[in-house]
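Report on the structure given below.
The values are calculated or read from the model by the stated rules, or taken from the named source; none is laboratory data. Every value quoted in this text rests on a predicted model; they were computed, and no experiment measured them. Note that each Cβ is placed from the backbone with ideal geometry, even for glycine, and that neighbours are counted across all protein chains shown.
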Amino acid sequence: MPGARTLSAAEQQAQAARYLAEVQTIERTVERLAAQARAEGDLLKLNCINDKLLQIRAHIRLGEQTSVELTAAGLRRDDAERHHQFSKLTIIYQRVTVLGQEAEACVGEEAAYVGQTQVSVDVDADVEGAGDPTKDEGTPLPTDRPPVASPTT
């Protein structure tokens with residue numbers, strides 16, 4: 001994704017519109033998750049999702065306001081303010097994306113545990129003769145004391 005300083009005013013406006021469309025899509029997805037949790041009668045899921053949904057809606061309001069300020073800064077040809085508003089909008093978009101993922105995690109908590117973890121290890125033939133690093137081979141500790149580091153001690 002290009003940085004804020006590399007986009008022209010028109011490109012920033014277009015990207016801002018894409019950001020706002022995406023956060024509204026995330027809001028609708030989280031609303032569906034809330035409706036599903038409500039239908040299931042699962043209050044824990046519903047409370048978790050509603051918390052994320054409230055935060056998403058607050059970010060969307062802020063994003064819409066920021067988009068208006070971005071447009072105004074572009075019309076004034078105030079590049080520093082335009083870059084600042086675009087950076088704010090980028091952060092809002094990223095935060096809403098994370099909140100959407102957290103809302104999905106609210107629903108999928110019991111699916112997170114599916115049983116015992118099994119680990120399989122493939123050892124390269126070149127490394128195989130080096131020994132097993134997970135086993136203590138009983139490396140002896142030095143028995144001689146090191147020399148004194150300071151002449152005053």
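Things to note:
- Test: residue in the stretch 38-59 that is of a type outside the set (Ser, Thr, Tyr), under 22 Å from GLN94 (Cβ atoms) and touching a Gly at 6+ places or on another chain (Cβ under 8 Å): yes
- Among the residues of the stretch 63-78, the ones that are acidic (Asp, Glu) and free of Cβ contacts under 8 Å to residues at least 12 places away in the same chain come to 1 in all.
- On the stretch given as the stretch 97-153, residues that are under 30 Å from THR29 (Cα atoms), of a type in the set (Val, Ile, Thr), at pLDDT 75 or above and in a loop (DSSP other than H, G, I, E, B) total 0.
- Once the stretch 31-52 is narrowed to residues that are surrounded by 19 or more Cβ atoms within 10 Å (Cβ to Cβ) and of a type in the set (Lys, Arg), the residue that is farthest from the chain's Cα centre (by Cα) is LYS45.
- The stretch 1-13, subset assigned to a helix (DSSP H, G or I) and surrounded by 12 or more Cβ atoms within 10 Å (Cβ to Cβ), residue modelled with the lowest pLDDT: ALA4
- Meets criteria (modelled with pLDDT under 95, in a helix (DSSP H, G or I) and surrounded by 17 or more Cβ atoms within 10 Å (Cβ to Cβ)) for HIS83: yes
- Being part of a helix (DSSP H, G or I), among the β-branched types (Val, Ile, Thr) and free of Cβ contacts under 8 Å to residues at least 12 places away in the same chain holds for only one residue in ILE91, ILE49, ILE60, ILE56, and it is ILE91.
- Candidates ARG18, ARG57, ARG28: the one that is of a type in the set (Lys, Arg), within 21 Å of the chain's Cα centre (by Cα) and surrounded by 12 or more Cβ atoms within 10 Å (Cβ to Cβ) is ARG57.
- Considering the conditions (1) farther than 13 Å from SER67 by Cβ; (2) modelled with pLDDT of 95 or more, ALA21 is excluded by exactly one of them, (1).
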